[in-house]
Amino acid sequence: MDFRKTVATKVSEATGLDLETVNKLVEIPPQDDMGDFAFPCFTLAKTMHKAPNMIASDLASDERLSDPCFSRIEAKGPYLNFFVDRGEFARAILSEVKTKGTTYGQSSEGEGKTVIVEYSSPNIAKPFHVGHAFTTVIGHSLARIYEKLGYKVVRMNHLGDYGTQFGKLITAYRLWGDEAALNNDPIKELLRIYVKFHEEEKNDPSLTTSARENFKRLEDGCEEEVALWQKFRDMSLVVFNQLYDRMGVKFDNYNGESYYAKMADEVVAMLKEKNLLVESEGAQVVDLEEFGVPPCIILKSDGTTIYGTRDLAAILYRDENYHFDKNIYVVGIPQALHFKQVFSTLKKAGYACADKCEHVGFGLVKFQNMKFSTRDGNIVLLEELLDESVAKTYELIKANAETRNSDMSDEQLREIAEKVGLGAVIYTYVKAGRERDIVFSWDQMLDFEGDTAPYLIYTYARTRSILRKAADQGILPAEAGSEVLNKLTGDEEFACAKMIAEFPEAIRKAAGSNEPFMISRAVSQIARAYNRFYNNCSILSGEDEELKRARLALCECVCNAIEAGTYLLGISVVEQM
């Protein structure tokens, strides 16, 4: 039973406000004495021509709002506060979770709709660093969130496999490349020559000319340049896919800039036909003054395309082939202006799909005062960060296992460390709003008592341990629909059930704002509420067998909710630690 929906439905019927509007206004009060759900009456003041507090007072006694699931309804100032029947609430929520398991929160609201999520999109021949992980983690999570809501999701990895950088790489490889080193560690060798190119270019302008010429030959399809480009691309993808596999990240499409480059001429022709191209300092641009943004460059002065042209081609291709309802770009905040220019150009050209495109920006990744620069070779590789996180996690759980005289093998400990260590890194990217910068701190990331993945995973594992111990004693959780669940009326039990009940709404909010943080916060709140319950309520001791079974059902539902939530974040749980 959806108690929030019941509140919204009752208010809608009593006031005449549409259900969608009411549902958005229903709140969870900050204090327990204010009720379990609240409806602010400010919106009704204009239509009812009364003060909000008077409206709340009148509605509190309106029989149309009464329902067996509410113990009472009270007015407090301009708010109408609903108090649910705790026992009935616990039975309804836990019965639903027990029935649905880890599919809890799933819906069909997106059925028949397609969402494209473009994320990760690393540059070929360059290292996959911690900055790339931001888009990868956010995009991977959003893809799972939309799928949870019934959307058909197309995962796009728009590879940076085109542009003048390849002219530079081709020049650098011909001058300083080491074939053996390339075969042994392609990304390391390509980074070496790329950094060397920029060092030498400062004193040798001919290198810049050579790079431009090589890129032009690549665009023209010259055999030797295309062969080198393909080699760099294939080698880079092997390395990237090893990281993706480790993180559980999958893609449906790897079409990069090179794929859409061949469609650039069609974009140019279309814009010319619509008389939208104007010359600016030798370049061909689309004037976007009416949108309040600078012109969008379509062709550079030397006649070559730019990534904006290829982005336009990509949108038109996706619209024609996928008929998307939403086209999401998970790209850093600094690219916000670029996407405004691209979307505005499409809109000016008369394409309705422009309004279905959305840039989902995110902040920066920092290690104290360190800044990243591929050109200078100053980067932190994601693989090295993951390895270090796993190694530190292994030492922590090994020490804990030795303290508890655990019989887990070293292989088991390492498997657990891999999942927890990766989870610690992933959670760091989603624990706060995506537009906030991240400053990595090992003490915070691996804190088993903090707002971290280790805390969530440990809560899950400990709760699973309780359920196994109960099973060994022959005590099983109460079944879905059992009247036994009505015994869960204590403050800690009720608070835990309330947090679980909010999980489906958190999923909808996460999709509505493209914010995985909504999920991490919801799961964290469930874990916190559960641990308060665990510390204050006896689960397996005492003489009330029915209460034991009810509390075990609560434990089971907490596990299902945590597992469902961490999955949406791209984090795996473990059964024991």
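Between D437, D472, the distinction of being assigned by TED's automatic domain parsing to the domain that holds E563 and without any contact (Cβ under 8 Å) to a residue 12 or more places away in the chain belongs to D472 only. Among the residues of the range 92-122, those identified as in a strand (DSSP E or B) and either β-branched (V, I, T) or surrounded by fewer than 20 Cβ atoms within 10 Å (Cβ to Cβ) (or both) are T114, V115, I116, V117.
Within the range 47-56, identify whether any single residue is crowded, with 17+ Cβ neighbours inside 10 Å and either of a type in the set (G, A, S) or in contact (Cβ under 8 Å) with a residue 40 or more places away in the chain (or both), and answer yes or no. Taking every residue of the range 47-56 in turn, at least one turns out to be crowded, with 17+ Cβ neighbours inside 10 Å and either of a type in the set (G, A, S) or in contact (Cβ under 8 Å) with a residue 40 or more places away in the chain (or both).
Within the set E224, E257, E279, the sole residue that is surrounded by fewer than 12 Cβ atoms within 10 Å (Cβ to Cβ), of a type in the set (D, E, K, R) and at negative phi turns out to be E279.
So, of the residues in the range 369-428 that are small (G, A, S) and outside any helix (DSSP H, G or I), which turns out to be modelled with the highest pLDDT?
Filtering the range 369-428 for residues that are small (G, A, S) and outside any helix (DSSP H, G or I), the one modelled with the highest pLDDT comes out as S409.
Output the residues belonging to the range 392-438 that are loosely packed, with under 13 Cβ neighbours inside 10 Å and either among the aliphatic types (A, V, I, L, M) or in contact with a Phe, Trp or Tyr (Cβ under 6 Å, 6 or more places away or on another chain) (or both). Listed by number, the list holds a single entry, A399.
Screening the range 443-474 for residues that are of a type in the set (A, V, I, L, M, F, W, C) and under 22 Å from F362 (Cβ atoms) and picking the one that is surrounded by the most Cβ atoms within 10 Å (Cβ to Cβ) gives A453. Just one residue in the set V238, V249 is crowded, with 20+ Cβ neighbours inside 10 Å and closer than 26 Å to S141 by Cα; that residue is V249. Within the range 463-483, the set of residues being touching a helix residue (DSSP H, G or I) at 6+ places or on another chain (Cβ under 8 Å), over 13 Å from E88 (Cβ atoms) and not polar (S, T, N, Q) comprises R464, I466, L467, A470, I475, L476, P477, A478, E479, A480.
Yes or no, residue by residue, for (1) within 24 Å of G332 (Cα to Cα); (2) out of contact with any strand residue (DSSP E or B) (no Cβ under 7 Å at 6 or more places or on another chain); (3) in contact (Cβ under 8 Å) with a residue 40 or more places away in the chain:
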site: P127; (1), (2), (3): yes, no, yes
site: A181; (1), (2), (3): no, yes, no
site: D185; (1), (2), (3): no, yes, no
site: V195; (1), (2), (3): yes, yes, yes
site: K202; (1), (2), (3): no, yes, no
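When you go through L218, L228, L190, L207 one by one, which is the residue that is closer than 22 Å to G131 by Cβ and not aromatic (F, W, Y)?
Values: L218 fails: closer than 22 Å to G131 by Cβ; L228 fails: closer than 22 Å to G131 by Cβ; L207 fails: closer than 22 Å to G131 by Cβ.
L190 is the lone residue from the list that is closer than 22 Å to G131 by Cβ and not aromatic (F, W, Y).
Out of R532, R521, R551, R528, one residue alone is under 21 Å from Q106 (Cβ atoms) and basic (K, R). It is R521. Filtering the range 16-39 to residues that are touching a residue at least 12 places away in the same chain (Cβ under 8 Å) and touching a helix residue (DSSP H, G or I) at 6+ places or on another chain (Cβ under 6 Å) leaves V22, N23, V26, F37, F39. All conditions in (1) touching a residue at least 24 places away in the same chain (Cβ under 8 Å); (2) farther than 30 Å from S107 by Cβ; (3) not in a helix (DSSP H, G or I) hold for G221, with the sole exception of (1).
The values are calculated or read from the model by the stated rules, or taken from the named source; none is laboratory data. Here the structure is a predicted model, which means the values were calculated and not measured. Ideal geometry is used to build each Cβ from the backbone, glycine not excepted, and the neighbour counts take in all protein chains shown.
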